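The values are calculated or read from the model by the stated rules, or taken from the named source; none is laboratory data. A quick note: this is a predicted structure, and the numbers were derived from the prediction, not measured. These area figures cover heavy atoms from the full protein model, side chains too; ligands, DNA and RNA do not enter into them. Shrake-Rupley method; radii C 1.70, N 1.55, O 1.52, S 1.80 Å.
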Amino acid sequence: MTKQKTAARKTKSATVNRLLRRAKGATLGEIEQATSWQPHSCRAFLSGVRKQGIALAKEERANGETAYKVSGEAEPCRA
């Protein structure tokens, strides 16, 4: 018998998480383009990431756009 490789699921959440973990992070526009989500859905996803205890850094790029990237693990939300 041969071993079958299990392919990683390519969900939109996984795509956004991959974008946020890049060295340059991701802008809302890049997240929208990668997922076909509306802007409010992108912001809601980022809020959910923070609630999971993942710290996001907010940086301004040279072109004036705001980029978000994972900066580490934050303390769990106590809400």
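With all protein chains kept in place, the per residue accessible area of region 8-61 amounts to 64 square angstrom at a probe of 1.4 angstrom.
In what sequence, largest accessible area first, do Ser36, Ser71 appear using a 1.4 Å probe?
Ser36, Ser71
In summary, region 10-79 shows an alpha-carbon radius of gyration equal to 1.06 times the 2.2 N^0.38 Å reference for compact globular proteins. When Glu30, Glu60, Glu65 are compared by accessible area of protein heavy atoms, the largest-first order is Glu60, Glu65, Glu30, using a 1.4 Å probe. Remark: the Gln38-Thr11 segment gains 8.1 nm on full extension, using 0.36 nm per residue and subtracting the alpha carbon distance.
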